[in-house]
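A quick write-up on the structure given underneath.
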Amino acid sequence: MTALAPAIRDRDLPVLAEGGWQMVPGRDAIRKIWRFSGFAEAWGFMSQVALLAERMDHHPEWTNRYNIVDVTLTTHDCGGLSDLDIAMAQAMDRIAGATPVVGADARTTCEDRAAAR
């Protein structure tokens, strides 16, 4: 696996950034955080992506906190972004559909309800 070619990087990363993907400071990686309507929807998204990741043999770094899914993509074999990361990000965007993108300080639905009390 080779690192993302400069021409591909210049073409694809700005498009991904428009959809909420951000470069990870200090790493050649991209990150996006989604806030789903609930745990089942978040888990459903992760299940679909997990099946895709197995087919691609390319696995995201991710965490799930109730309805929040935080994803980082990079290719360890080449030490940075590769074509696989672009393809995975595009596929994840298709799977997530119109699910809202949030920042790292996002609260879960449960935390929102607790704060409103």
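In this label model, V24 and S37 are separated by 3.1 nm, measuring between points 7 Å along each Cα→Cβ vector. Extension gain, E111 to R94, is 3.4 nm, computed as 0.36 nm per intervening residue step minus the present C-alpha separation. Applying the Karplus relation 6.51 cos²θ - 1.76 cosθ + 1.60 with θ = phi - 60° to region 45-61 yields 3J(HN,Hα) values of 4, 5, 5, 4, 5, 4, 5, 5, 4, 5, 5, 7, 6, 8, 10, x, 8 Hz, where x marks Gly and Pro. For the chain, the longest principal axis of the C-alpha atoms and the axis of helix 6-18 are separated by about 10°. Of the peptides 101-113, 41-53, the ranking by mean beta-carbon count within 10 Å, highest at the top, reads 41-53, 101-113. For the chain, averaging the sequence separation of C-alpha pairs within contact (under 8 Å, six or more residues apart) and dividing by the residue count gives a relative contact order of 33 percent.
Taking Lys and Arg as +1 and Asp and Glu as -1, the other residues whose beta-carbon sits under 15 Å from that of G79 total -3.
Summary of packing: across the peptides 62-73, 20-31, 81-92, the per-residue average of other C-beta atoms within 10 Å ranks them, highest first, as 81-92, 62-73, 20-31.
Could you please report the charge total around G19, scoring K, R as +1 and D, E as -1 over all other residues with beta-carbon less than 13 angstrom from its beta-carbon?
Here the charged neighbours net out to 0.
The numbers here are math on the coordinates, done by the rules we state, and not lab data. Quick caveat: nothing in here was measured; it's all calculated off a predicted structure. All Cβ positions, glycine included, derive from the backbone under ideal geometry; neighbour counts span all protein chains shown.
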